[in-house]
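The values are calculated or read from the model by the stated rules, or taken from the named source; none is laboratory data. This one's a predicted model, so the numbers in the text were calculated from it and none came from an experiment. When we count neighbours, we look across all protein chains shown, and the Cβ atoms used for this are built from the backbone with ideal geometry, even at glycine.
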Amino acid sequence: MSEQTITLITGANKGIGYEIAVGLGALGHTVGVGARSPERLSAAVEKLRAEGVDAFAVPLDVTSDESVTAAASLFSERFGRLDVLVNNAGVTGGMPQTPTTVDPATMRTVVETNVIGVIRVTNAMLPLLRRSAAPRIVNMSSSVGSLTRQSSQSGVEAVGPISAAYSPSKTFLNAVTLQYAKELHDTNILINAACPGYCATDLNGFRGIRTAQQGAAIAIHLATLPDNGPTGSFFEDAGVVPW
């Protein structure tokens, strides 16, 4: 088994995912860049390599069983294992998203990517993660998925606009993360949810107040936890996010 750390990041061709690749690449990780668009994927890998990252392309649509199976086969054949999985790919479904007017099709699309896609990728990669000496899974969530903060009527904990699809999808993802942590509690796999903060990315039309690089920091931290690190928790830069 090689000493290099093998990592897969979904939705890594731009934004926070790309910056996670930059950060982990700087730490010596060999980074599989997951993305749907062949053109954007190729450009991202080329750019990462120019920045000194040992990056390679992983054609990956998290909503496709066939695509995810092919990605798992790629890692199996090339490395025989996976050390770090960052489930970063996500969609908002577009705004506005008031619950009284949201299209059920939008709900399905968002959950298919943000929740089911994470389950699909994680389960496909778990046999490879089990072969790692220090496997880590990071699910990119958001503070808008915190029911504690969503139910706050005022003050600094009140977050985000009304969002009938995106915010609940992150709450759903947080719950799924907890279930994985419960099932995997007797293994060496550490799995946590990460909130990058309100970053300026394509996802929000670049309206965020943080950079994608700042947003990537918490994922990089959770991807490199020591063996006695936490699992089944929800973190942002400042610490634990309330469920």
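Looking only at segment 66-79, decide whether some residue is more than 13 Å from THR10 (Cβ to Cβ) and either part of a loop (DSSP other than H, G, I, E, B) or at pLDDT below 95 (or both). Scanning segment 66-79, I find at least one residue that is more than 13 Å from THR10 (Cβ to Cβ) and either part of a loop (DSSP other than H, G, I, E, B) or at pLDDT below 95 (or both), so the answer is yes. Does segment 128-141 contain any residue that is closer than 19 Å to ILE220 by Cα, among the charged types (D, E, K, R) and at pLDDT 95 or above? Within segment 128-141 (the criterion being closer than 19 Å to ILE220 by Cα, among the charged types (D, E, K, R) and at pLDDT 95 or above), the answer is yes, since at least one residue qualifies. Scanning segment 35-70 for residues that are touching an Asp or Glu at 6+ places or on another chain (Cβ under 9 Å) and of a type outside the set (A, V, I, L, M) yields ARG36, THR63, SER67. Looking across GLU46, GLU39, GLU3, one residue alone is more than 18 Å from PRO127 (Cβ to Cβ), part of a loop (DSSP other than H, G, I, E, B) and over 16 Å from the mean Cα position of the chain (by Cα). It is GLU3. On the stretch given as segment 214-242, residues that are surrounded by 14 or more Cβ atoms within 10 Å (Cβ to Cβ), at pLDDT 95 or above and polar (S, T, N, Q) total 3.
Within segment 91-127, the set of residues being touching a strand residue (DSSP E or B) at 6+ places or on another chain (Cβ under 9 Å), among the small types (Gly, Ala, Ser) and at pLDDT below 95 comprises GLY93 only. Cβ-Cβ contacts under 8 Å between residues 6 or more apart (or on different chains), taken from a first residue in segment 162-176 that is touching a residue at least 40 places away in the same chain (Cβ under 8 Å) to a second residue that is of a type in the set (D, E, K, R), are absent.
Restricting SER151, SER73 to residues that are exposed (fewer than 14 other Cβ atoms within 10 Å of the Cβ), under 30 Å from ASP227 (Cα atoms) and out of contact with any strand residue (DSSP E or B) (no Cβ under 8 Å at 6 or more places or on another chain) narrows the list to SER73. Can you say whether GLY117 is surrounded by fewer than 20 Cβ atoms within 10 Å (Cβ to Cβ) and either of a type outside the set (Phe, Trp, Tyr) or touching a Pro at 6+ places or on another chain (Cβ under 9 Å) (or both), as far as the supplied structure shows? Here the answer is no, as GLY117 does not meet what is asked. Scanning segment 50-65 for residues that are out of contact with any Ser or Thr (no Cβ under 6 Å at 6 or more places or on another chain) and either farther than 20 Å from ASN123 by Cα or modelled with pLDDT under 95 (or both) gives ALA50, GLU51, GLY52, VAL53, ALA55, PHE56, ALA57.
Scan segment 10-25 and give yes if some residue there is touching a strand residue (DSSP E or B) at 6+ places or on another chain (Cβ under 9 Å) and surrounded by fewer than 13 Cβ atoms within 10 Å (Cβ to Cβ), otherwise no. No, that holds for no residue.
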